[in-house]
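The values are calculated or read from the model by the stated rules, or taken from the named source; none is laboratory data. Keep in mind that what you see is a predicted model, and the values were worked out from it rather than measured. Cβ atoms come from the backbone with ideal geometry, glycine included; neighbour counts cover every protein chain shown. Areas reflect the complete protein model, heavy atoms only, side chains present, ligands, DNA and RNA absent. Shrake-Rupley method; radii C 1.70, N 1.55, O 1.52, S 1.80 Å.
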Amino acid sequence: MNDDTIKLLRECNAGIKMGISAINDVLENIEDNKLRDILKASREKHERMGDETHSLLTEYHDDGKEPAAMATIMSKVKTNMKMMKEKADKAAADLITDGCNMGIKSLYKYFNQYPAAEEKVKKLAGKIIDEEEKLRGELRAYL
């Protein structure tokens, strides 16, 4: 274990928590059943990946990291405003797509910032990026 491994895991864990929270924030307003199913399936995948990151953090005797409080608050405010102004499905797809883009960008940044992380953690980060890219693609039809 090394410092890069823990730091990358913490970022993965915090990003997954942020993604789950964002999905939960929009899910109750979704009208289209297929979109609801896409988001629920993605939330389940995020929860499994979150369990995996948490398990690894526990293995390394680390408590992880919560998403930044200001980012969480700003996300909720943006979500509430957008959901009030636009059609719910379009607004949700737009918000979650933005979240996917931010998650992908952040994970690549941390992936490059912590090059000495263990391979299994790098692989997990890649899996998270793949899931974000997949979800982003599935949401295009709703934008």
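Structure data summary
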| quantity | calculated |
| --- | --- |
| Filter result for the condition that a residue is touching a residue at least 24 places away in the same chain (Cβ under 8 Å) and either more than 14 Å from the chain's Cα centre (by Cα) or open to solvent by 50 Å² or more (accessible area, probe 1.4 Å) (or both), over Asp4, Asp25 | Asp4 |
| Residues satisfying the stated conditions in segment 36-70, i.e. under 23 Å from Leu9 (Cα atoms), in contact (Cβ under 8 Å) with a residue 12 or more places away in the chain and within 13 Å of the chain's Cα centre (by Cα) | Ser42, Arg43, Lys45, His46, Glu47, Met49, Gly50, Thr53, Glu66, Pro67 |
